[in-house]
1. For residue 80, what residues show an amide H to amide H distance below 5 Å, using hydrogens built from the backbone and excluding near sequence neighbours?
2. Any idea what diffusion coefficient segment 123-186 gets from Stokes-Einstein, in µm²/s, Kirkwood Rh on alpha carbon pairs, 37 °C, 0.692 mPa s?
3. In nm, to one decimal, how far is the residue 165 label point from the residue 221 one, both placed 7 Å along Cα→Cβ?
4. Working from Cα positions, state the angle (0 to 90°, nearest 10) between the long axis of helix 219-228 and the longest principal axis of the chain.
5. Can you tell which of 122, 277, 37 shows the greatest fluctuation in a Gaussian network model of the chain with Cα springs below 10 Å?
6. Find the centroid of the Cα atoms in segment 216-294 and in segment 105-131, then give the distance between the two in whole Å.
7. Note down the Stokes-Einstein diffusion coefficient of segment 213-339 in µm²/s, whole number, using a Kirkwood radius over alpha carbon pairs, 10 °C, and 1.306 mPa s.
8. Of all the Cα-Cα pairs you can form in the chain, what percent are over 31 Å apart?
Amino acid sequence: MRIVSGIQPTGSLHLGNYLGAIRNWVRMQDEVAASGGESLYFLADLHALSQPHDPAQLTANTREMVAALLACGIDPAKSVLFNQAQVPAHVELQWLLNGTARFGWLSRMTQFKDKAGKNRDGVSAALFTYPVLQAADVLLYQTTHVPVGDDQKQHLELARDIAQKFNNDFAHEDAPVFTLPEPIIPPEAARIMSLRDGAAKMSKSDPSDMSRINLTDDADTIMQKIKKAKTDPAPLPSDKAGLEGRAEAANLVGIYAAMAGTSVDTVLAQFGGEGFGKFKPALGELLTETLAPINARFVELRADRAALDAVLRDGGARARELAAPTLAAAYSALGLLRG
Ligand code: TRP
């Protein structure tokens, strides 16, 4: 088993990233290490160029994010942890795959359509070719499994399509260049929604900080945010069906279940009939219990910039080694002479 996944260095992590992806990365890192496989996790700093960005901010965000991942439990002794820019093979393979990816495939990417909106002429070419870089990220390492949130499923399917077409067009049937990766979407990575609006995803870009729990929030802030979270006046139902049409209530119960590692029905069996006056403090406590130690580690790690850079540098060196054979095979399959 070879696992690869990436996350954009947007600065600090929030609960949605944690429950949707990072907690699963940590879990998989241990499983994969136990079975003799390998996991690679990276900060997708090259992907950040697809939208307007401030260079100094990108550097700061990259360091902040690696500190957050380490604080959450990613262990450089078990996983290869790096930022994309340390491994030029990602960019090289992207160009090689640009010859295989079809314009129409990229035009149908919902994330591109959402982000470009009506301004297609004004967005960067990188926003359009973003999914090809993502395909390169994964295909470069003969990845078998990609743990991602639900919103990345379409990008993963594209990576498979590109791999399949490249293998068909340029490789021998019995010696494919690329492995077709499978997504792993954790079932309980229930989409974590905004605390202010049960219809919007919890997001770093929401202007209201009250809409999300950041991994950098202290216990008081977390309690405050949960107490102020939008709800409705009815008590909690005693089963899942009773949450229908109650997006905010469903979100809070979903967060509780995900944090406690249990099902929504189990949470409702405990809290059904109770009002939010009782449920919210319980949820706040559960959150602080898990997040406080992460927060403490994060604050400590963030202070040692040289140590963070060393983690990325070492991880980058290891990733370059792992990437080399597949990159060479791709050049060769395409008939490109080197050396
Ligand atoms: N596009 C992903 C996101 O926004 C991040 C990402 C980049 C990624 N490359 C990847 C995820 C490769 C998995 C595999 O979340």
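1. Close amide H contacts, sequence-distant or interchain: 39, 40, 41.
2. 268 µm²/s
3. It is 4.4 nm.
4. 70 degrees
5. 122
6. Each part reduced to its Cα centre gives a spacing of 36 Å.
7. Working: Rh = 18.4 Å.
It comes out at roughly 86 µm²/s.
8. Result: 37 percent of Cα pairs exceed 31 Å.
The values are calculated or read from the model by the stated rules, or taken from the named source; none is laboratory data. What you are looking at is a predicted structure, and each value in this text was computed from that prediction instead of being measured. Please note: Cβ atoms are built from the backbone with ideal geometry, for glycine as well, and neighbour counts cover all protein chains shown. Surface areas here come from the heavy atoms of the whole protein model, side chains and all, with no ligands, DNA or RNA. Shrake-Rupley method; radii C 1.70, N 1.55, O 1.52, S 1.80 Å.
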